[in-house]
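Data block below; observations after.
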Amino acid sequence: MGRFFGRTGKKIIESPSVSSDTEAKQNPDNREIQSRDLYNKGVNHMSNEKLLDAIRSFELAVRIDPHYVDAWVKKGYAHFHLGEYTLAIASYDKALDIDPDNPEAWNLKGLSFYKIKNYDRAIECSVKAIDADPNDGMSWYNRACYLTLSGRVDEGMEALRRAIEIDISHAKKAVRDRDFENAQAEEGFMRIIEVVVLESLRQGYDYSGKIVWVTGMSKDDVEDALLRLDMKGLVIRREKRGLIGKDEYYELAKGLSEKIGEVKRSGLLNSKKEYSAPLQEIKDILENLDDAVEAVKRGDLSRTTENFDQLISPTKHGSTMIEQFFDQHRDLRLFRIRLTDRGQEYLTSHKSEILQLLDDVIEKIRSNPVSRTIRK
């Protein structure tokens, strides 16, 4: 387990004294300080992999403050890493009794059920986690695993697609995840492998061996994906003479390269890279942003969501928005979810915040020297 704060844990007393416990009950502020101090000690113990000491600290914290949700969650997490999944679930239930919409507790509870192979209960927990935070890509990813393992492969691929829309790194993780082994023959999963290969090519990894190295996929999966992409006209196979014969490498097809941009690598071990989004795509993004601004001002929900979809979808401009405007892409995605959930009322009540976000992105694009050529 990685360190949380990089600090060493400190030795704590085995149990609070009667006088300190009485004092805590009489003084709410002092009680809060004591419980928070014990919680922090527990986190420090976890960072040093002293899980039993961590559990003891969290138990003391919730003894002082039984409504300390974070302490209950961390206690469950420590039990989880000790393989005590029933105790972990009990701790998460305590947290959820206090905060029924806590997405972290629901997600971790689902993982505990996953560990004991109770996939139906894990799926139920993932639904609750996503309801509490629809923007959490990891909850969608975990749901995809549970569904696939339970034989509901089509639903699993849909959940995985949602996870990748939120964070494209989930695609790279999925292609190495054994939980998806029984989905590898599915068309949806093969498309995810193709997405990972295309992203690798876009990042400048132009040999199949390099793609295998950077993604952790098998050589056969990479070569099969390259063959399918070549047949679709999305990549071009090239040859160049090497020291011991001809070497094969791949390039993005010209039209695709112009559409999604690419990274050029140079220097020692190809360590230097430079990314530039294509001017045509920047122009398209600006048009979407300008149209979205007008739609928001007029209160046009349909046009607003349509433009947001163009800006956040990985099949449209999502990858470039993540690359260039990571924080704004996240906020756009969150607004899109809220608009789906609450509709016209949300658009009306949050008009100023949405316009401010759109204006910020427009200003950043237009202040870029490269982007100014679009206006000429």
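Here, each number is a calculation from the coordinates, and none is a lab measurement. Note that the structure is predicted; figures quoted are calculated from it, not measured. No Cβ is skipped: glycine too gets one built from the backbone with ideal geometry, and neighbour counts run over all protein chains shown.
Worth a mention:
- Using a Förster distance of 25 Å, the FRET efficiency for S218-E239 (Cβ separation, nearest 0.05): 0.60
- Put simply, the amide H of V235, placed in the peptide plane, has neighbours under 5 Å in D230, A253, leaving out anything fewer than 5 places away on its chain.
- Percent RCO, i.e. relative contact order, over segment 18-180, from Cα pairs under 8 Å lying at least 6 residues apart: 12 percent
- ³J(HN,Hα) computed for each position of segment 184-190 - Karplus, 6.51 cos²θ - 1.76 cosθ + 1.60, integer Hz, glycine/proline x: 5, 8, 6, 4, x, 6, 5
- Value of relative contact order over segment 279-375, rounded to a whole percent, pairs C-alpha under 8 Å and six or more apart: 33 percent
- In terms of the mean number of neighbouring beta-carbon atoms within 10 Å, the peptides 349-362, 133-146 order highest first as 133-146, 349-362.
- Label-to-label distance, nm, for residues given as D359 and E32 (7 Å Cα→Cβ offset): 3.6 nm
- Pairs with C-alpha atoms separated by more than 29 Å, drawn from the list K115/K172; K210/K316; K219/K283; K109/K173; K128/K219, are K219/K283; K128/K219.
- In order along segment 134-147, the Karplus-derived 3J(HN,Hα) couplings, from 6.51 cos²θ - 1.76 cosθ + 1.60 at θ = phi - 60°, round to x, 9, 8, x, 5, 5, 5, 5, 4, 4, 4, 5, 4, 5 Hz, and Gly and Pro are given as x.
- Of the peptides 339-347, 228-236, 189-197, 289-297, the order by per-residue mean of other Cβ atoms within 10 Å, starting with the highest, comes out as 189-197, 289-297, 228-236, 339-347.
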